[in-house]
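See structure below.
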Amino acid sequence: MMKNVFSRFSIGLLFSLIALGCVSQKKDRDLPDWAFGGFVRPEGVNPVISPVSGTSFLDPMSGKEVAWEDNDTFNPGAAVKGDSIIVLYRAEDKSGIAIGHRTSRLGYAATKDGIHFDRKSAPVFYPADDDQKEYEWPGGTEDPRVAVTEDGLYVMFYTQWNRQVPRLGVATSRDLISWEKHGPIFKKAVHADKIFDKSHKSASIVTSVNKGNQVITKVNGKYWMYWGEHGVYGATSDNLVDWEPVVDEKGELQAFISPRKGYFDSSLTECGPPAVMTDKGIVLLYNGKNDPENGDVRFNKGTYSAGQVLFDKNDPTKVLGRLDVPFLRPMEAFEKSGQYVDGTVFIEGLVFFNDKWLLYYGCADSKVGVAIYDPQKPVNADPLP
């Protein structure tokens with residue numbers, strides 16, 4: 001008799017807890033206290049940047065007028081400049097028939113509210129007849145991540161794509177318009193033989209918020225970045241231009257996290273926007289690709305969603321925490337319909353602006369979206385499917 005009473009009591013208590021939201025999917029989606037988010041998509045404004053066919057510029061490589069942002073505009077970097085946010089977005093022309101087979105250039109868009117943009121009619125960064133053309137032509141300049149030093153020097157890491165080997169390049173600017181290219185970041189590295197002629201991309205330099213400004217910061221006396229797509233690796237620098245990859249005691253590249261079978265990041269763990277040092281540690285936002293055969297069955301095969309990992313701020317190779325499910329995933333129509341048909345939220349631009357974090361991301365490799373995290377009004381991450 002007592003057993004039956006207890007069973008009825010337990011079942012009743014369970015239903016009461018569910019009704020109160022104590023046992024619910026929403027509760028399960030609460031983020032740990034170290035993580036950023038959740039991020040909210042402003043209603044009725046996305047995508048904030050889309051392709052246009054009315055702009056052209058004289059391409060210095062072909063000598064022809066090119067509709068440089070006619071096909072797709074996606075994968076943006078972002079930085080604060082005065083009272084505005086500047087988004088540098090990857091734009092593709094119609095010179096090819098598939099991703100990676102067109103030419104990419106970087107467009108410039110400015111906004112004072114984070115949502116409504118004024119765009120320049122010509123790209124501000126592109127392959128040219130310069131000392132980087134062997135690395136950048138004909139594929140182009142892709143997927144920028146941008147950050148700024150305390151004295152106002154903007155540093156951009158981007159993919160140099162010659163349609164043979166993708167490499168990380170670096171460029172600097174004082175105004176985000178005129179750029180000095182410095183070439184591949186690992187060209188002068190002691191361990192250049194481990195990486196220079198192998199595919200490497202996606203760099204997230206460590207930043208911190210100082211007096212309300214997000215700026216590049218050092219870790220243990222050196223500039224530090226996370227990089228990579230088939231694992232998260234590290235590199236250090238004294239001058240922001242020449243970088244040395246982190247290797248283990250055998251001199252091999254050292255991955256701090258890797259893709260996980262059965263998870264949303266089972267195929268790729270590709271570094272996102274600049275990492276941020278907080279009182280909890282270094283927070284890296286990254287892009288996870290769901291493996292079609294060995295991924296999380298709750299998400300579409302091949303889809304890109306966004307994850308986070310926490311590193312020790314004194315030992316940036318040491319993992320302290322990692323999300324098991326994405327905080328941002330393709331949910332809106334424009335995130336699931338484009339040239340990447342499996343759906344993509346591909347994060348690259350993160351800025352601290354008016355006491356909020358604005359995250360700019362590529363939507364299905366076709367458009368640019370924005371999502372906002374207000375630390376004073378935290379909300380849950382995207383719900384699970």
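If you filter region 72-93 down to residues that are in contact (Cβ under 8 Å) with a residue 24 or more places away in the chain and outside any strand (DSSP E or B), you find that the one that is nearest to Ala275 (Cα to Cα) is Asp83.
Counting just the residues of region 1-37 that are touching a Lys or Arg at 6+ places or on another chain (Cβ under 9 Å) and either of a type in the set (D, E, K, R) or modelled with pLDDT under 95 (or both), which one comes out surrounded by the fewest Cβ atoms within 10 Å (Cβ to Cβ)? The extreme case among them is Asp33.
Number of residues in region 127-151 that are within 22 Å of the chain's Cα centre (by Cα), without any contact (Cβ under 8 Å) to a residue 60 or more places away in the chain and assigned to a loop (DSSP other than H, G, I, E, B): the value is 1.
Filtered by the rule that a residue be at pLDDT 95 or above and part of a loop (DSSP other than H, G, I, E, B), region 51-61 gives Pro51, Val52, Thr55, Ser56, Asp59, Pro60, Met61.
Each row is one residue, and each column tells you yes or no for (1) under 30 Å from Thr111 (Cα atoms); (2) free of Cβ contacts under 8 Å to residues at least 12 places away in the same chain; (3) assigned to a strand (DSSP E or B).
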site	(1), (2), (3)
Lys280	no, no, no
Gly288	yes, no, yes
Asn294	no, no, no
Phe299	no, no, no
Gly302	no, no, no
Pro326	yes, no, no
Val341	yes, no, no
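Quick check, is Ser258 among the hydroxyl-bearing types (Ser, Thr, Tyr), surrounded by fewer than 24 Cβ atoms within 10 Å (Cβ to Cβ) and in contact (Cβ under 8 Å) with a residue 12 or more places away in the chain? Yes, satisfied. A single entry from Ala110, Ala67, Ala79, Ala91 fulfils the requirement of being buried (at least 20 other Cβ atoms within 10 Å of the Cβ), over 21 Å from Lys336 (Cα atoms) and either touching a strand residue (DSSP E or B) at 6+ places or on another chain (Cβ under 6 Å) or not β-branched (Val, Ile, Thr) (or both): Ala79.
A single entry from Gly96, Gly107, Gly114, Gly183 fulfils the requirement of being part of a loop (DSSP other than H, G, I, E, B) and at pLDDT 95 or above: Gly114. Considering Val148, Val219, Val190, the condition of being aliphatic (A, V, I, L, M) and loosely packed, with under 14 Cβ neighbours inside 10 Å is satisfied by Val190 alone. Give region 199-216 a look and list any residue that's closer than 18 Å to Thr269 by Cα and exposed (fewer than 15 other Cβ atoms within 10 Å of the Cβ), or say none. Passing the criteria: only Ser199.
Of Asp365, Asp324, which residue is surrounded by fewer than 24 Cβ atoms within 10 Å (Cβ to Cβ), touching a Gly at 6+ places or on another chain (Cβ under 8 Å) and among the acidic types (Asp, Glu)? Only one candidate passes the filter, namely Asp365. Residue pairs whose Cβ atoms lie under 8 Å apart, separated by 6 or more positions or on different chains, with the first residue in region 214-241 and under 23 Å from Leu359 (Cα atoms) and of a type in the set (S, T, N, Q) and the second modelled with pLDDT of 95 or more and not in a strand (DSSP E or B), are Gln214/Pro274. The number of residues in region 351-374 that are assigned to a loop (DSSP other than H, G, I, E, B), within 14 Å of the chain's Cα centre (by Cα) and not charged (D, E, K, R) comes to 1. Looking at Tyr226, is it part of a strand (DSSP E or B) and either touching a Cys at 6+ places or on another chain (Cβ under 6 Å) or charged (D, E, K, R) (or both)? Yes. Might you let me know whether region 307-314 holds any residue that is surrounded by 15 or more Cβ atoms within 10 Å (Cβ to Cβ), in a loop (DSSP other than H, G, I, E, B) and over 19 Å from the mean Cα position of the chain (by Cα)? Looking through region 307-314, at least one residue is surrounded by 15 or more Cβ atoms within 10 Å (Cβ to Cβ), in a loop (DSSP other than H, G, I, E, B) and over 19 Å from the mean Cα position of the chain (by Cα).
Listed here are the residues, each with its yes/no results for (1) in contact with a strand residue (DSSP E or B) (Cβ under 6 Å, 6 or more places away or on another chain); (2) charged (D, E, K, R); (3) at pLDDT below 95.
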residue	(1), (2), (3)
Gln160	yes, no, no
Arg163	no, yes, no
Pro166	yes, no, no
His191	yes, no, yes
Ser204	yes, no, no
Tyr233	yes, no, no
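Mind checking whether some residue in region 118-128 is under 19 Å from Tyr223 (Cβ atoms) and surrounded by 23 or more Cβ atoms within 10 Å (Cβ to Cβ)? No - not one qualifying residue is present in region 118-128.
The values are calculated or read from the model by the stated rules, or taken from the named source; none is laboratory data. All figures in this text were calculated on a predicted structure; none of them were measured in a lab. For neighbour counting, all protein chains shown are included, and Cβ atoms are generated from backbone atoms with ideal geometry for every residue, glycine included.
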